[in-house]
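Read through the structure below, which is laid out as structure tokens, and then see the notes.
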Amino acid sequence: MTAIKTKKRKVSKKTKKAWRKHVDVKDVDKFLEDSRLEERLGSFITRKDSELFEVSTTSEVLSKKQRRELLKSKEPRCFNVLKPHTAVPDPIAKRNRVRTKEERKNSLIVKKEAIRKSKGILKLKEKLKLKNRLVAMKKRSSRPKRGEFNTDVWKEKFVKGVDTDWMSPDTIRHTMTHFGVKKKRIPTSLRKKPSVIPAIEAPHPGMSYNPSYEDHQKLLHEIAQKEMELIKEEKHLARVTTKMFKKVSSEEKESNIIKELLEGLKGDGNRDTNEDADGDKDEDDDPTVKSINPPVRNLKKTRVQRRKQREQRELQHKKQQEKIEKKKISDIYKLKQLDKQIAAKERKEKILRKKRLKIKALKTMETKTLSKVKFEPLQPDFKLANELTGNLRNAEPTGNLLKDRFKSLQQRNIVAPSNIKLKRDKAKVKRFIKPDHKIDMTQVT
């Protein structure tokens, strides 16, 4: 099929815009690109074949070691970035170079500094620089290699030749900083264990796959005792809650409610007679109002009364002081009795202190309340006598290792006890219809 030749349209090329739009300059651009490439890389026409190609005359195969040696002797490829990548010469042949700080110094000053350093006279900045360099070198040399744990960092002495026994922690820290050594601190979380309870407790001997008769019976007895306690508690709860209330039928319940509501009310006839009787009693012909508590006059005390009151107060104070003095004298004769009382009190306090220490020691073995959920230990696994096999091959697995470890973490105060929650609580959203969205059904016909 022959291609359809379209007639070339004649367009105006009067303006620059029209010229750029309707003139094809691809061949010109290509020629310019080629010429620029030749300027950068040089002309391939003028070059010889020996410059472009290399003829291998040796048939010897180099070993891996020899190839590596050759690669080492060659210039690294990373330096190609620093080299000029074009054959175009630099338009500015002579460029100004910024001299270094050492080059800008006067020759006399350089000589003076060399003489000063040869004599060992150093500036403060140079002394500090030298000291820091020595500290860094010492630190670098004393740093252990990866995987080496030869020394205990917590027990080693921080500064040799300095007695740190009498120093406070802040003083030691200041001294360490002055010597260029920082004191290592043990984190607070590692100083104390969250619980004294061991991570893995030894199981009861009766839980073995082949236990002795006594151990197995002891385990069964302990489990039976716990079950009895639970049954007793359930019975107690049923007695004080469910069994306290009687079962009443619905008709009897309604009659009881009506009786309670009518309690205190009387019949129609009695109520009328009582009202008439009360009305007769309430009527009073006397129009005058009499107060129940008549007003009391504020009678002021006379001088004689005030004097007598003062005398009585002084006399009472005097008697009290005499009583205190008398007690002091009598206490002198009661020293032996007081000594006995103090000794008895101290003995009592000592016994109480011992009891408190015992309770404290027991509490350390208990689980703390870390959340509102109470910790409940796992029920011990047991097997009846007919279920025991006597060997591991026929023994059936009991318990869950993951559950056991999780409960151990809860018991040792590492994880807070919690309940399993499969569904998330969703907020109760109150839904209602907006007033402007409501439809009045009476108007709709």
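The values are calculated or read from the model by the stated rules, or taken from the named source; none is laboratory data. What you are looking at is a predicted structure, and each value in this text was computed from that prediction instead of being measured. Because the Cβ atoms are built from the backbone with ideal geometry, glycine has one as well, and the counts that use them run over all protein chains shown. With ligands, DNA and RNA removed, areas are computed over all heavy atoms of the protein, side chains included. Shrake-Rupley method; radii C 1.70, N 1.55, O 1.52, S 1.80 Å.
Relative contact order of the chain: what whole-number percent is it, with Cα pairs under 8 angstrom and at least 6 residues apart?
Working: 110 pairs, mean separation 72.9, N = 445.
After rounding, I find 16 percent.
Among the protein heavy atoms of the chain, carbon and sulfur supply 56% of the accessible surface, probe 1.4 Å, non-protein parts ignored.
Which FRET efficiency value, to the nearest 0.05, do you get for residue 266 and residue 290 by plugging their Cβ-Cβ distance into 1/(1 + (r/R0)^6) with R0 = 30 Å?
0.35
Oblate is the label for segment 50-107, because the ratio a/c of its alpha-carbon gyration tensor axes (a ≥ b ≥ c) is 1.5 or higher and a/b is not greater than b/c. Each semi-axis of the equivalent ellipsoid for the chain is √(5λ) with λ an eigenvalue of the Cα gyration tensor; in descending order they amount to 96, 57, 47 Å. Counted residue by residue at 0.36 nm each, then reduced by the alpha carbon distance between them, the extension gain from residue 226 to residue 90 reaches 39.1 nm. Probing with 1.4 Å while keeping every protein chain in the model, the per residue accessible area of the chain equals 104 Å².
Figure note: 24, 215, 440 ranked by solvent-accessible area, largest first, 1.4 Å probe, ligands and nucleic acids not counted: 24, 440, 215.
Quick check: residue separation of residue 119 and residue 210 times 0.36 nm, minus the Cα distance between them. What number comes out in nm? It would help to have the intermediate numbers written out before the result.
Details: separation 91, 0.36 × 91 = 32.76 nm, distance 8.80 nm.
My answer for the length gained is 24.0 nm.
For segment 296-445, the square roots a ≥ b ≥ c of the C-alpha gyration tensor eigenvalues yield an a/c of 1.5 or more together with a/b not exceeding b/c, which makes the shape oblate. Extending 7 Å from Cα along the Cβ direction at residue 14 and again at residue 138 yields two label points whose distance is 9.1 nm. Computed from the C-beta positions of residue 314 and residue 340 and an R0 of 45 Å, the FRET efficiency is 0.70 to the nearest 0.05. For the residue pairs 193/218; 340/363; 101/127; 372/423; 235/403; 218/358, the C-alpha atoms sit more than 23 angstrom apart in 193/218; 340/363; 235/403; 218/358.
Decide, for segment 89-140, between rounded, prolate and oblate: order the square roots of the alpha carbon gyration tensor eigenvalues as a ≥ b ≥ c, take rounded if a/c falls under 1.5, and otherwise choose prolate if a/b is larger than b/c, else oblate. Write out the running numbers ahead of the final one.
On the way: a/c = 4.84, a/b = 1.78, b/c = 2.72.
The shape class here is oblate.
Straight-line reach from residue 243: taking Cα to Cα under 15 Å and skipping same-chain neighbours fewer than 8 places apart, the aspartates and glutamates in range are 233, 234.
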